[in-house]
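Working notes, structure below.
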Amino acid sequence: MRNPTSIQSRRRTGLTILLFVVFALAAGWTGFWKFAAGKAETAIDGWRAREAKAGRIYTCDSQNVGGFPFRIEVNCDQASAVLSGNQPPIELKATGLLMVAQVYQPGLLISEFRGPLTVGEPGKSPNIIADWKLAQSSVRGTPTAPERGSLVFDQLSVDRMNGSAREKISRAKHAEFHGRMIEGSATNKPVIEVVAQIDQGTAPNLHPAAATPIDADITAVLRGLNDFSPKPWPVRFREMQAAGGRIDITKARVQQGEILAIGGGALSLNGDGRLEGELRITMAGLEQFLAAIGAQQRVQTSPSMDRIVGALDRLAPGLGEVARQQAGANISVGINMLGEQTTLEGKRAVTLPLRFNDGAVYLGPIPIGTTPALF
């Protein structure tokens, strides 16, 4: 027969051992979390130091660490960034920033931004105000070897201040921007893929035609970078141009109502930092697009048309203006004849070159705009 006292003693011993194991595990996990939190703070400080080398200084009015037991959360109140590499310098201010890393995945840093965000010169009233329903970013890798990054917005709005009044610059229901290294390394000839996705985006200040919502999905690959060390992007583009690099547009799909365009091609940079090259674009809804951008007026007032008008007027006064009006009236017919007839997603379409010449952009023979210099 078992001794009741002996049984109770063994039970107490087992319970004591179990409690000891639980406390040891809790203490060990607490120590591990503190160690991981320290590593995360070090990584964040490393990212700040890396950005500082590129002239981007990030600060917080106050900062605290939490998230125990499974996450490391760094909360930054009244976050600000000074981009001293710009001329003049630019200061960005946000209400706050929350940076999160999982204990078991310290190389992945996820951030959430609290708006609004103001942009302006340091010490002066802001020129731009941006706000959103949700703004998040993610960065994978280490400060010395970044691998990929993303920036996502929901219900994004950007306004310009004109005195005390706010002017709408752009709106987007959803916007995503992604970048990842697909070849090379951060220190040796990196090849970077960049993806931009816009859902229901508008930018009426850019062009009246952009007041109608646009959906866009564009993927580009940047080739010719020397490295991915901290430096302003104009410096990177200048190095890329000197190395004979290029921008490959591997995927482009843009839709605005009945207008749909897809295409791709390669672009380079000339010595002035302006785009050169050609994309092959297949477009449905060409007539609507030409009407939206005012193509008739562009043709009628283009320098080449002026030369033709002058020559015809010398032959017979008034003949040039007749030619100008006819050119504008028949523009869509002429472009359709010049392009390759096809279909796109079941719609009648035409394939045309989208040419970039010293930053000027032409769809077939029609000038449609200019792009800014990248350095």
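No value in this document is a laboratory result; all are computed from the given coordinates. Predicted model, so just to flag it, every value in this text is computed and none were measured. Quick reminder, even Gly has a Cβ in these numbers, built from the backbone with ideal geometry, and neighbours come from all protein chains shown.
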Do the conditions hold for Val235, that is, is it farther than 29 Å from Glu345 by Cβ, among the aliphatic types (A, V, I, L, M) and outside any loop (DSSP other than H, G, I, E, B)? yes
Against the conditions (1) surrounded by fewer than 16 Cβ atoms within 10 Å (Cβ to Cβ); (2) polar (S, T, N, Q); (3) in contact with a helix residue (DSSP H, G or I) (Cβ under 7 Å, 6 or more places away or on another chain), where does Ser138 fall short? Just the number, please. (3)
By residue number, the members of segment 187-225 that are surrounded by 17 or more Cβ atoms within 10 Å (Cβ to Cβ) and not in a strand (DSSP E or B) are Ala203, Ala209, Ala210, Gly224, Leu225
Against the conditions (1) closer than 30 Å to Gln288 by Cα; (2) without any contact (Cβ under 8 Å) to a residue 60 or more places away in the chain; (3) of a type outside the set (Phe, Trp, Tyr), where does Ala243 fall short? Just the number, please. (1)
Residue in segment 215-228 that is in contact with a Ser or Thr (Cβ under 9 Å, 6 or more places away or on another chain), over 22 Å from Phe289 (Cα atoms) and touching a residue at least 40 places away in the same chain (Cβ under 8 Å) present: yes
Flag if Pro230 is part of a helix (DSSP H, G or I) and either exposed (fewer than 15 other Cβ atoms within 10 Å of the Cβ) or out of contact with any Leu (no Cβ under 7 Å at 6 or more places or on another chain) (or both): no
Check Thr118 against each of (1) over 23 Å from the mean Cα position of the chain (by Cα); (2) buried (at least 16 other Cβ atoms within 10 Å of the Cβ); (3) of a type outside the set (Phe, Trp, Tyr); (4) over 30 Å from Gly31 (Cα atoms) and name the one condition it does not meet. (1)
Number of positions in segment 48-79 that are closer than 23 Å to Thr144 by Cα, in contact with an Asp or Glu (Cβ under 8 Å, 6 or more places away or on another chain) and hydroxyl-bearing (Ser, Thr, Tyr): 1
Residue ID - farthest from Thr42 (Cα to Cα), chosen from residues in segment 57-109 that are among the β-branched types (Val, Ile, Thr) and in contact with a Leu (Cβ under 9 Å, 6 or more places away or on another chain): Ile90
